[in-house]
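Chemist: Have a look at this one before I ask anything.
The values are calculated or read from the model by the stated rules, or taken from the named source; none is laboratory data. In this text the structure is predicted, and so the values were computed from the model without any measurement. Please note: Cβ atoms are built from the backbone with ideal geometry, for glycine as well, and neighbour counts cover all protein chains shown.
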Amino acid sequence: MDKVKGKEWNVSESALISKINQERRLMYYFEKLNGMQTTIRFNADWLSYIHKNQEIIKGWMQYNIIVYLQRRNPSVPGIADKLYPPQERKLEKIKRYWKLLIEVQPIHEIYGHVQLSEKDISIDHFVPWSYVAHDEFWNLHPTTRSINSSKSNNLPTWDVYFPQLARLEFISYEMMWKYEILHDAFEKCAKEHLNDNAVRSKMYRKGQDFLCFSSVLEEIMQPVYQSARNCGFKDWIYKEAEADLMCVSDRKIANELWETTFGNGA
């Protein structure tokens, strides 16, 4: 609209439309001006161009929507994956890993203290996928299908469940270094579910004790967890275990409860 400048915009709508319609190669032209009944006529060349390049135009629009939302929500990860989530999240390798571990050592899931079996195992994101939008190994652990469904998109209460998660993940870590079959399964998982080499080298290096391992896990997970809480994700306690866990108010007591139930993880 280089021909319409400054005060030339300050004219009646009909006069303005007349000026606009004199422009060449516009996407559309006005045919009738009548409020909500205004009609326009699209340029046939533009229609052909849009139809031919619709995928490119759609991609450009999606990209700019993502950029806009990410700039205004800097603390929210994975906006692109949330707007256009994958049709299928592939967790089969993770599930096979935990099934192998169950064959080596009995495992109780962390929410209801249910002993897991190959027939009823579901992989849970401790911090919900709907926030993190990834399937990183350190945020995944096994539970039952019904408990996972009950948890939904909530945050497990940190002081109650993180110590138990840390202990369970440490058992996995110890077994992974002890048994070659588990180590091989872990390596297959790591190719898809450990995408940060710094996390892998710091958390899964050989020879760590529980205190060191759990401290690294907390260092990685706690900021993500807190950010999810800040975004409105609600605390959750598994109802069938709630009465038993009401007295758990700090990490020391939670660890004692875990060790009483599961042993020392050795």
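Chemist: Being surrounded by 14 or more Cβ atoms within 10 Å (Cβ to Cβ), modelled with pLDDT of 90 or more and not aromatic (Phe, Trp, Tyr) narrows it down to one residue among 94, 56; which is it?
Modeler: Going through 94, 56 in turn, the sole match is 94.
Chemist: Given 113, 141, 134, which one is outside any helix (DSSP H, G or I) and touching a Gly at 6+ places or on another chain (Cβ under 8 Å)?
Modeler: 134
Chemist: What are the residues in the stretch 156-183 that are in contact with a Ser or Thr (Cβ under 7 Å, 6 or more places away or on another chain) and among the hydroxyl-bearing types (Ser, Thr, Tyr), if any?
Modeler: Once the filter is applied, which keeps residues that are in contact with a Ser or Thr (Cβ under 7 Å, 6 or more places away or on another chain) and among the hydroxyl-bearing types (Ser, Thr, Tyr), the stretch 156-183 yields nothing.
Yes or no, residue by residue, for (1) of a type outside the set (Ser, Thr, Tyr); (2) modelled with pLDDT of 95 or more; (3) crowded, with 16+ Cβ neighbours inside 10 Å:
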{"site": "124", "(1), (2), (3)": "yes, yes, yes"}
{"site": "131", "(1), (2), (3)": "no, no, yes"}
{"site": "135", "(1), (2), (3)": "yes, no, yes"}
{"site": "147", "(1), (2), (3)": "yes, yes, yes"}
{"site": "189", "(1), (2), (3)": "yes, yes, yes"}
{"site": "192", "(1), (2), (3)": "yes, no, no"}
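Chemist: Can you pull out every residue in the stretch 203-228 that is surrounded by 15 or more Cβ atoms within 10 Å (Cβ to Cβ) and not aromatic (Phe, Trp, Tyr)?
Modeler: 203, 208, 214, 216, 217, 218, 220, 221, 224, 227, 228
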